[in-house]
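Derivation of every value follows stated rules applied to the coordinates shown; laboratory data play no part. On a predicted model such as this, the values are computed, not experimentally measured, just so you know. All Cβ positions, even for glycine, are placed from backbone atoms using ideal geometry, and neighbour counts span all protein chains on display.
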Amino acid sequence: MDDKKIIELYFARSETAVTETDRKYGDKCRRTAYNILRNMQDSEECANDTYMKLWSVIPPQEPNPLYAFIMRIVRNIALDRVKRYSAMKRGGEVYDAAYDELAECVPSKENVNETVESAELTGKIEKFLGTLPREKRRMFLMRYWSFMTVPEIARRLGVGESKVKVTLMRTREKLKAYLEKEGIEL
């Protein structure tokens, strides 16, 4: 079912909307949550919480594109869970490692998460990502948006782990230089 029809089901308050959302995006929701939480049961709960959130915000919102809207919700729910749990107990080391890497090139090392979420910085990072070749952009997003590990990225893209590590390091260096040029104090 296409996204427009799914949104129409939400507007009609049809419970089929949740079923169709899960059918189309459920695996992606659970995978995104799992990449952050490293716990299958928590990932399933995050997907369910995402559907509840969608039910409560559609209507009045009419998200376009629906996929990005859903992924942002599931990611935020999973990140909130990481904050609630002891970071090391539930797989937070992947989350922490990704933010530690980004701390080298974004301001406010004490609170990288809030800084990354700020609208101005987010806009500049999006603009920077738009300048990257597709493969480098995908690696960056897989690591710092989806919190995939280096081996997972390498396997997914069919490249060596060393290529992923080097590409991410060089991309962070370019991002740092770009942000400095844009007037962001590091």
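Structure data summary
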read-out: Contour minus Cα-Cα distance for E161 and D27 (0.36 nm per residue); value: 45.7 nm
read-out: Spatially proximal lysines relative to K176 (Cα-Cα < 25 Å; intrachain offsets below 8 disregarded); value: K109, K124, K127, K136, K163, K165
read-out: Ranked packing of 133-145, 70-82, most packed first, by mean Cβ within 10 Å; value: 70-82, 133-145
read-out: Rounded Å value of the spacing that divides the Cα centres of segment 144-162 and segment 9-66; value: 25
read-out: Segment K5-R72, extension gain: residue separation times 0.36 nm, minus the distance between their alpha carbons; value: 22.1 nm
